[in-house]
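Asker: I'd like to ask you about the structure that follows.
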Amino acid sequence: MCGIVGAAAQRNVTKILVEGLKRLEYRGYDSAGLAVICDQQLTLRKALGKVAGLEEKCIANPVKGVVGIAHTRWATHGKPSELNAHPHSSDHIAVVHNGIIENHAQLRQRLRNQGYEFVSETDTEVISHLLHSLYDQAGSLREALRLAIAEFDGAYALGVISTREPDTLVCARSGSPLVVGVGFEENFIASDPLALRQVTDRFIYLEEGDLAVVTAANIEIFEQSGKPVTRPVDRITETDEASDKGQYRHFMLKEIHEQTRVLRNTLQGRVSKTAVLDGCFGTDAQTIFDQVEAVQILACGTSYHAGMIARYWFEDWAGIPCAVEVASEYRYRKSVVRPNTLFVSISQSGETADTLAALRGSRESGYLASLTVCNVANSSLVRESDLSLMTLAGPEIGVASTKAFTSQLVALQLLVIALGKRAAMSRETEAELVAALHQLPGLCEQVLALDSQIVRISEAFTEKKNALFLGRGVDYPIAMEGALKLKEISYIHAEAYPAGELKHGPLALVDDDMPVVAVAPNNELLEKLKSNLEEVQARGGKLFVFADESAGFMNDGNTTVFNLPHAPLSIAPILYTLPLQLLAYHVAVLKGTDVDQPRNLAKSVTVE
Ligand code: F6R
C-alpha cells in the first residue's frame, strides 16, 4: 500500500527521502511526493507515476532541507494525480498519510464551514487543514496532532512537519504500521524498515495509538493516553540484499528462484530427521496445543490459498476439523466458535487490514488462542497474536507473492504435524511427512532448473484473453493460486475451478481459443482428473498439463505436458506451485507488463 518516509537530520535529507521511497515503491505506486523545510520555507515536489519521476523533478529543480517527509501513494480516495499525491499542506503544515480516515466527509464539511478550501479529493487533506485549525490553540505540533487524532475514525500512519517547528517531525500510528529509525545525530520514520536500511539498522516499532516527536538529536514517544513511554530499539540483522535484484531481471524471478534456499530456512532448526520439534512454536505453545480440537484459518489472497490447502492437511492427516475463510468476509459476520478452537491467521506482511481486524475481532469470540503464520517478525499480527510461526522467507519485494506462499505451506505443515501428533496422527505418519519435507528443497531445485521449458509454454498464452486452471482436491487451491498469479501480473483473465465442477457451467467457455491449465500429480484423484480433461479435449480446448512424470499424459496437437519429477504426495502441492509461478512470470514478461509492480495492486494492503 502507500509508503511513508521521513527524516530529521543535520544534512540535506532529500536524497534519503527519495531513496527510501524507491525502496517502498513496491508497496503502492501511482504517485509520489516529498516536502522539506529549508530557511523556514516549506518546499513540495510531486509527480504522477514512479518515484523516478519525482527524482527527476528534484534534480531539475533542486530541493534542500534538514527535515522532510515523503510518500508513495496507492489511490484510495481520489484518482492518481499530482493534486491528490501526498504530502498535503495547509499553510505552514505538511502531512503524509497511510490508511483511511473514515469520517473525512464530516470533518471536511466542518473545515469548509471554517473557511478552508480543498484542492484534492483525498481524505488526507482533511488532516492537514485540521492540524492547521488546531495548531494555534494547541501551541505545538505534537499537541495539535494529539487533538486531531482524537477526532479520526479509521486507520492512519502519519508524518507531519511545520515551518513553525523547523527541526521537528511528528508522527503517529493507529491501524497502519510505522517505525522510527534510530541514527547517529539523525533520526527517521518509515512505514517499513526496509525504506531506511541505507541509513540505519536500529528501529523502534511504534505501538497502536503511539505518537512520536522526532528531531535529529532526540526521539520522544507518547502512548495513547499522552503518557511518555519507552519502546525497545530492535537491531535488524538481515542483510540488505533483499532490496537488490542481483543477476535477475525482476524481483519476482529472483524470489521464485530463492525458494530452494527459503524452504530450507523455514525448516531449519524446526525438524529432526523424523519429527517436528515442539519448541519451534514457543514455550507457551505446548499447553495451548494440548487443548486444540479445531482450527479456524483467516487470511486474504495468496495467503488464503495457503489456508485452503492447510485445511485438507488438517482434516486428512491430523483428523482436526478446520475451517478457512477470507478475512474481509469473516470479520463482518457472526460466527459460531466451537470450544477449543485455535484461531490461525496467515499473512506475508502481517499488516493486512482485514486479517488484523479479524484477529482483533476474534478476541471476544471464545477462541482458545491465536497463532499467526507470518513473514514479518515485528508486524502487527505477530505482536498481537498469542503464538507465531515465522515463515523466514526474507523480505518479498515483488507484489505477486511467490516465496512467501510456499514458505507458508511448509510452516503450515509443521503446524499440522505439531497439532496432529496430539490428535490422530501416528509417529510413522509424522516421520513420513517430515522425510518428505526434507526432500522438498532438492526437488524445488530440479523443477526450477526446467525454467526454459516454461518459457516455451508461456508463448501460447500471450495473445489470450482468458485462461482456465483446473485441479482436484488439495490441488484445486494450487490451481487458484496459479490463476491469481497469471491475472495479477499478465492481466489475462484467469479463473480456477475444481475440475469436477467443469461440466456444471464453465465447460461452456471452452473452445479452441481457451487455454486450460491442469495440475496433475499422480494422486488418488488422477483418473478422475483425466476424465475431466477429456471433456476439455472433446471441446477443442488447449490443454497444458503439469503432471507427475509417471501420470501417463502424452503430448499431442492440443495437449502440452510439462513433466515434474515424482515427489511424495504430501509436498506435491508446494512443488506444483513453482511452474505456475514461472508460467505467470514469463507470460507477463512476454506481454511487457510491469511484473514487480502490477497496475492497481499493492504489496501490503493496510486498508480494508
Ligand atoms: C497475491 C498477493 C496478495 C496477498 C494478500 C494478503 O500475489 O500477494 O493476494 O497474498 O494481499 O497479503 P498478506 O499475505 O500480506 O496478508
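Values in this text are rule-based calculations from the coordinates and carry no lab data. Treat the numbers as computed from the prediction; the structure is a model and nothing was measured. Cβ sites come from the backbone with ideal geometry, for glycine too, and all protein chains shown count toward neighbours.
Asker: For a quick check of your reading of the filter: which GluC sites (Glu not before Pro) in segment 121-162 sit in a DSSP loop and have no more than 14 other Cβ atoms within 10 Å?
Answerer: Glu121
Asker: Provide, for q = 0.11 Å⁻¹, the log10 of I(q)/I(0) from a solvent-free Debye sum over equal Cα point scatterers in the chain.
Answerer: -1.04
Asker: Shifting gears a bit: What residues qualify as long-range amide H neighbours of Leu42, i.e. H under 5 Å apart, gap of 5 or more or another chain, H built at 1.01 Å from N?
Answerer: Counting only residues 5 or more places away or on other chains, the set is empty.
Asker: With a ≥ b ≥ c the root eigenvalues of the C-alpha gyration tensor of segment 280-345, is it rounded (a/c under 1.5), prolate (a/b larger than b/c) or oblate? Please report the intermediate quantities before stating the final value.
Answerer: Details: a/c = 1.60, a/b = 1.39, b/c = 1.15.
It is prolate, given that a/c is not under 1.5 and a/b is the larger ratio.
Asker: While we're here: Using 19 Å as the Cα-Cα cut-off, could you pick out the over-long pairs in Lys464/Lys487; Lys50/Lys465; Lys503/Lys530? The partial results should precede the final answer.
Answerer: On the way: Lys464/Lys487 12 Å; Lys50/Lys465 27 Å; Lys503/Lys530 14 Å.
Violating the 19 Å limit, Cα to Cα: Lys50/Lys465.
Asker: With the cut-off at 1.5 for a/c, could you classify segment 176-297 from its C-alpha gyration tensor as rounded, prolate or oblate?
Answerer: oblate
Asker: Calculate how steeply helix 14-24 sits against the longest principal axis of the alpha-carbon atoms of the chain, using the helix alpha-carbon long axis, and give the answer as 0 to 90 degrees to the nearest 10.
Answerer: Its long axis makes an angle of about 20 degrees.
Asker: Additional query: What do you get for trypsin sites (Lys or Arg not before Pro) in segment 328-418 restricted to DSSP loop and a cutoff of at most 13 other Cβ within 10 Å of the site's Cβ? Display every interim value, and only then the final one.
Answerer: Values: sites: Arg331, Arg333, Lys334, Arg360, Arg363, Arg383, Lys403; in loops: Arg331, Arg333, Lys334, Arg363.
Here the trypsin sites (Lys or Arg not before Pro) that fit, given the DSSP loop and packing criteria, are Arg333, Lys334, Arg363.
Asker: Check each of the chymotrypsin sites (Phe, Trp or Tyr not before Pro) in segment 128-184 and keep only those in coil by DSSP with at most 15 other C-beta atoms within 10 angstrom; list them in order. Could you put the intermediate results ahead of the total?
Answerer: Working: sites: Tyr135, Phe152, Tyr156, Phe184; in loops: Phe152, Phe184.
For chymotrypsin sites (Phe, Trp or Tyr not before Pro) across segment 128-184 that sit outside H, G, I, E and B with at most 15 neighbouring Cβ atoms in 10 Å, the list reads Phe184.
Asker: Shifting gears a bit: Can you flag which of Lys57/Lys591; Lys245/Lys403; Lys403/Lys485 are past 24 Å Cα-Cα? Can you show the working numbers first?
Answerer: Values: Lys57/Lys591 30 Å; Lys245/Lys403 15 Å; Lys403/Lys485 13 Å.
The answer is Lys57/Lys591.
Asker: What are the principal axis extents of the Cα atoms in segment 468-510, in Å, biggest first?
Answerer: Here the Cα extents, ordered largest to smallest, are 28, 24, 9 Å.
Asker: On average, how much area does the Cα convex hull of segment 234-377 cover when viewed from any direction, in nm²? Could the numbers behind the result be given before it?
Answerer: Numbers: hull surface 42.8 nm².
The number I arrive at for segment 234-377 is 10.7 nm².
Asker: Using modelled amide H (1.01 Å from N, peptide plane; none on Pro or chain starts), what sits under 5 Å from the amide H of Ala494, excluding residues fewer than 5 places away?
Answerer: Sorted by chain and number, the residues that satisfy this are Ala467, Lys487.
Asker: Given 10 °C and 1.306 mPa s, how large is the Stokes-Einstein diffusion coefficient of segment 156-236 in µm²/s, with Rh as the Kirkwood radius over Cα pairs?
Answerer: Numbers: Rh = 12.6 Å.
My calculation gives 126 µm²/s for D.
Asker: At a temperature of 25 °C and a viscosity of 0.890 mPa s, determine how fast segment 482-558 diffuses translationally according to Stokes-Einstein, using the Kirkwood radius over alpha-carbon pairs as Rh; express D in µm²/s, rounded to the nearest whole number. Write down the numbers at each step before the final one.
Answerer: Details: Rh = 13.1 Å.
Roughly 187 µm²/s, to the nearest whole number.
Asker: Shifting gears a bit: Using helices alone, I'd like the mean residue ellipticity at 222 nm for the chain: each DSSP H run of four-plus residues gives -39500 (n - 2.57), total over residue count, nearest 500.
Answerer: Values: 18 runs with 207 residues, N = 608.
Dividing the helical sum by the residues of the chain leaves -10500 deg cm²/dmol.
Asker: Quick one: helix 427-448 against the long Cα principal axis of the chain, what's the angle to the nearest 10°, folded into 0 to 90?
Answerer: With rounding to tens, the tilt is 70 degrees.
Asker: Okay, next question. Got a sec to turn the phi values of segment 270-278 into Karplus ³J(HN,Hα) couplings, 6.51 cos²θ - 1.76 cosθ + 1.60 with θ = phi - 60°, whole Hz, x for Gly and Pro?
Answerer: After applying 6.51 cos²θ - 1.76 cosθ + 1.60, I find 10, 9, 8, 5, 10, 8, 8, 7, 4 Hz.
Asker: For a quick check: sort Glu102, Glu495 by the number of other beta carbons within 10 angstrom, fewest at the front. Spell out each step's value before the answer.
Answerer: Values: Glu102 13, Glu495 17.
Going from least to most buried by this count: Glu102, Glu495.
Asker: Further, regarding this structure: Taking the 0 to 90 degree range and rounding to the nearest ten, how far is the long axis of helix 124-138 tilted relative to the main principal axis of the chain, both from C-alpha atoms?
Answerer: 30
Asker: Let me ask something else. Going by Cα centres, segment 506-535 and segment 364-443 are how many Å apart?
Answerer: What the calculation gives is 30 Å, centre to centre.
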